[in-house]
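J.: Okay, handing you the structure first.
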Amino acid sequence: MRTRDYRRNQEEKKKRKVVKDHDKWWWGDESPRMVGKKAHTPAMCSCHMCGNPRKYWKEKTFQERKNEEVDS
């Protein structure tokens, strides 16, 4: 089981990466709240281009298609 220290370190690592990569796909200001939001929700939105294909077009996801190729 992971310790609290490990989980805190992983969260800080994600936040540092968000701040480092803030030039691309940034949501606005660099407030601590927005950095945390971006670290925990990497997708910009859930529109038909970014969201789950099963929800919008009743297609299988990329991972499911890849798994079927391996099983075949």
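J.: In percent, what relative contact order does the chain have, based on Cα pairs under 8 Å that are 6 or more apart in sequence?
T.: Once normalised by length, the contact order is 18 percent.
J.: Where a Cα-Cα gap under 25 Å defines reach, which lysines qualify for Lys20, not counting those fewer than 8 residues away within the same chain?
T.: Lys37, Lys38
J.: Once both axes come from the Cα atoms, what is the angle between helix 62-71 and the longest principal axis of the chain, in degrees from 0 to 90, rounded to 10?
T.: Approximately 50 degrees, to the nearest ten.
J.: Using the alpha-carbon atoms, what tilt in degrees (0 to 90, nearest 10) does helix 4-20 show relative to the longest principal axis of the chain?
T.: 90
J.: I would also like to ask the following. Between Lys20, Lys58, Lys38, which gets the highest mean-square fluctuation from a Gaussian network model of the chain, Cα cutoff 10 Å?
T.: Result: Lys58 has the largest fluctuation of those listed.
No value in this document is a laboratory result; all are computed from the given coordinates. Worth saying up front: this structure is predicted, and the values here are computed from it rather than measured.
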